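Written below as structure tokens is the structure these notes are about.
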Amino acid sequence: MPVPWFLLSLALGRSPVVLSLERLVGPQDATHCSPGLSCRLWDSDILCLPGDIVPAPGPVLAPTHLQTELVLRCQKETDCDLCLRVAVHLAVHASLQAQVVLSFQAYPTARCVLLEVQVPAALVQFGQSVPRYEKELNHTQQLPALPWLNVSADGDNVHLVLNVSEEQHFGLSLYWNQVQGPPKPRWHKNLTGPQIITLNHTDLVPCLCIQVWPLEPDSVRTNICPFREDPRAHQNLWQAARLQLLTLQSWLLDAPCSLPAEAALCWRAPGGDPCQPLVPPLSWENVTVDKVLEFPLLKGHPNLCVQVNSSEKLQLQECLWADSLGPLKDDVLLLETRGPQDNRSLCALEPSGCTSLPSKASTRAARLGEYLLQDLQSGQCLQLWDDDLGALWACPMDKYIHKRWALVWLACLLFAAALSLILLLKKDHAKGWLRLLKQDVRSGAAARGRAALLLYSADDSGFERLVGALASALCQLPLRVAVDLWSRRELSAQGPVAWFHAQRRQTLQEGGVVVLLFSPGAVALCSEWLQDGVSGPGAHGPHDAFRASLSCVLPDFLQGRAPGSYVGACFDRLLHPDAVPALFRTVPVFTLPSQLPDFLGALQQPRAPRSGRLQERAEQVSRALQPALDSYFHPPGTPAPGRGVGPGAGPGAGDGT
């Protein structure tokens, strides 16, 4: 039968305080054998070499059970080593002298010890076959959590309390643990003595982990991830998540931690109605953080958005194509379903559902169903998706709305003509009528919103997406924004110079404002024009209206006509206002988003009162602009300095090793 024959203690490393475990006194490594056995531990460790189990040529000791427990081996009251005690049960059936190898492995070190065992003949049971070595025994001992590291909450803040002696030196690291790939370091510092590290609750995410280790050779590192089940951490994770559009079809989900999610396309119509998932005909797709995903689209559209769900709850929704293609359009989405024998049916997606075409229903799409089908057959609708089961088409509705308003305006003009004849018959009232008519025209222009022409230098594609995001955000206000990003077809047909002259003339005639968005590329172009009067050939792309605009922008500034009609702006961290040439600083130059309220105030009508909602609108624009700023200044896969944790978080914080 098996005979328990020895106890072995292996030193793991020095602990800064005394644990409430069994205490032993003596050398660090020691052996204790069962009565009758003789065993001797080698003076030094042996080299740990990997190998396979092979048949033994003769009798061996057969291992049958392995057991471990933690003990303390103390020289003084507070000078203890944490040790592992190993008990091995062996079956003995022959008189022999054998060698036993015990391998202890723990990151980042490993130990192998050799023990010689002498089995006397008195312990041998005769008449039984001698077993051969058939297997190796493995056992994992979980180390206890160190009592000198505690996590406590204090209102909205979280405290990391490290209760160590004043002479104790240790390293502290915060990182995002990743299911796939290496951890993402967030903050690291070497510290001494007792410490209390304060974390803001907004920095907590489920994968935020803490690593602590004594600054000693081959010290064991303790890792804890205390926020895996924290509801605030899960809420912060979704608030930090961002959708990034890479190409027309490819995009990715950027988030600090891995999370279970699925995504689908949806269609968002103007007017505040909920975004309607396009499932079917499309399907939900599983999402992996930082992994490029693709939708089978033929064309992009500003009304197409991406919805991300987790546990059947909507967590994230962004209209990725709006930044580059402009604000939402009043288009109708047609769903084509294809069946067997070349049968197909069409329906128009509306808030109430998908209305079959043609239809006698009272919805807008049903009333215009005949015209929509004609537009589809004549090729005026944009095909967004196509496969064997169906297709998606976006059909414009602007011309039908314009026709309806044309009839309204015609009726108004007839009424105004009749009224003018009546009033002209009464000369005493002519001036009053003209005054009222002028006020009506002004109020109508105010209701439509002030025109704003946005000019910029196309430094790179990332900056263009940032400009598109700003233009889209401004369109949500009472502003009519024009930017070359949304007029590529007209720009190519007319040419940059002609297109800009027409836009500038129309904007200024309507009492609008021209916004010069300065960047390093724009400043370089302005400097060239001020010095030489021309810009370097081929310095920018064929659609760069800013390059073409300088020929008529400069005279407005040189002749003093710019104040009141022009406004300058630049992005924080990209360009300092002092870098803008002095000539262009004769008009206000604002930094965004830090001076958004003042910037939006400058875009209002010159004599319009300061709206009490200006701060609210500035916050609305800032929220819409923030994802584009994060994407431009912190591309996916790189940690953002503004989102660091711990004292001195950010680039260069701590004493990194």
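The values are calculated or read from the model by the stated rules, or taken from the named source; none is laboratory data. Note that this is a predicted model, so its numbers are computed, not measured. Because the Cβ atoms are built from the backbone with ideal geometry, glycine has one as well, and the counts that use them run over all protein chains shown. Protein only, heavy atoms only, side chains kept; ligands, DNA and RNA dropped before computing areas. Shrake-Rupley method; radii C 1.70, N 1.55, O 1.52, S 1.80 Å.
Give region 250-305 a look and list any residue that's within 18 Å of the chain's Cα centre (by Cα) and of a type in the set (Ser, Thr, Tyr), or say none.
Once the filter is applied, which keeps residues that are within 18 Å of the chain's Cα centre (by Cα) and of a type in the set (Ser, Thr, Tyr), region 250-305 yields Ser250, Ser258, Thr288.
Right, Leu349: in a loop (DSSP other than H, G, I, E, B), buried (at least 17 other Cβ atoms within 10 Å of the Cβ) and not hydroxyl-bearing (Ser, Thr, Tyr) or not?
No, not satisfied.
What's the total number of residues in region 288-316 that are assigned to a loop (DSSP other than H, G, I, E, B), over 22 Å from Ser472 (Cβ atoms) and not hydroxyl-bearing (Ser, Thr, Tyr)?
7
Can you find a residue that is under 15 Å from Val117 (Cβ atoms) and modelled with pLDDT of 70 or more anywhere in region 50-59?
The answer is no, given that none of the residues of region 50-59 is under 15 Å from Val117 (Cβ atoms) and modelled with pLDDT of 70 or more.
Results for (1) crowded, with 17+ Cβ neighbours inside 10 Å; (2) of a type outside the set (D, E, K, R); (3) modelled with pLDDT of 85 or more; (4) within 28 Å of Glu229 (Cβ to Cβ), shown as yes or no for each residue.
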residue	(1), (2), (3), (4)
Val287	yes, yes, yes, yes
Leu304	yes, yes, yes, no
Asn309	yes, yes, yes, yes
Leu314	no, yes, yes, yes
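Has region 357-376 got at least one residue that is closer than 21 Å to Leu328 by Cα, open to solvent by 40 Å² or more (accessible area, probe 1.4 Å) and at pLDDT 70 or above?
Yes, the conditions are met somewhere in region 357-376.
State which residue is farthest from Ala473 (Cα to Cα) when the search covers only region 550-598 and only residues that are in contact (Cβ under 8 Å) with a residue 24 or more places away in the chain and of a type in the set (Phe, Trp, Tyr).
Restricting to residues being in contact (Cβ under 8 Å) with a residue 24 or more places away in the chain and of a type in the set (Phe, Trp, Tyr), the top hit is Phe557.
Select from region 323-346 the residues that are open to solvent by 80 Å² or more (accessible area, probe 1.4 Å) and at pLDDT below 85 and list them in ascending order.
Residues satisfying the conditions are Pro340, Gln341, Asp342, Asn343, Arg344.
Of the residues in region 239-266, how many are open to solvent by 50 Å² or more (accessible area, probe 1.4 Å) and out of contact with any strand residue (DSSP E or B) (no Cβ under 7 Å at 6 or more places or on another chain)?
4
Give me the residue from region 448-504 that is under 20 Å from Tyr632 (Cβ atoms), open to solvent by 50 Å² or more (accessible area, probe 1.4 Å) and touching a helix residue (DSSP H, G or I) at 6+ places or on another chain (Cβ under 6 Å) and, out of that set, modelled with the highest pLDDT.
Top of the filtered list is Arg465.
Give me a count of the residues in region 190-223 that are within 21 Å of the chain's Cα centre (by Cα) and not hydroxyl-bearing (Ser, Thr, Tyr).
So the count comes out to 10.
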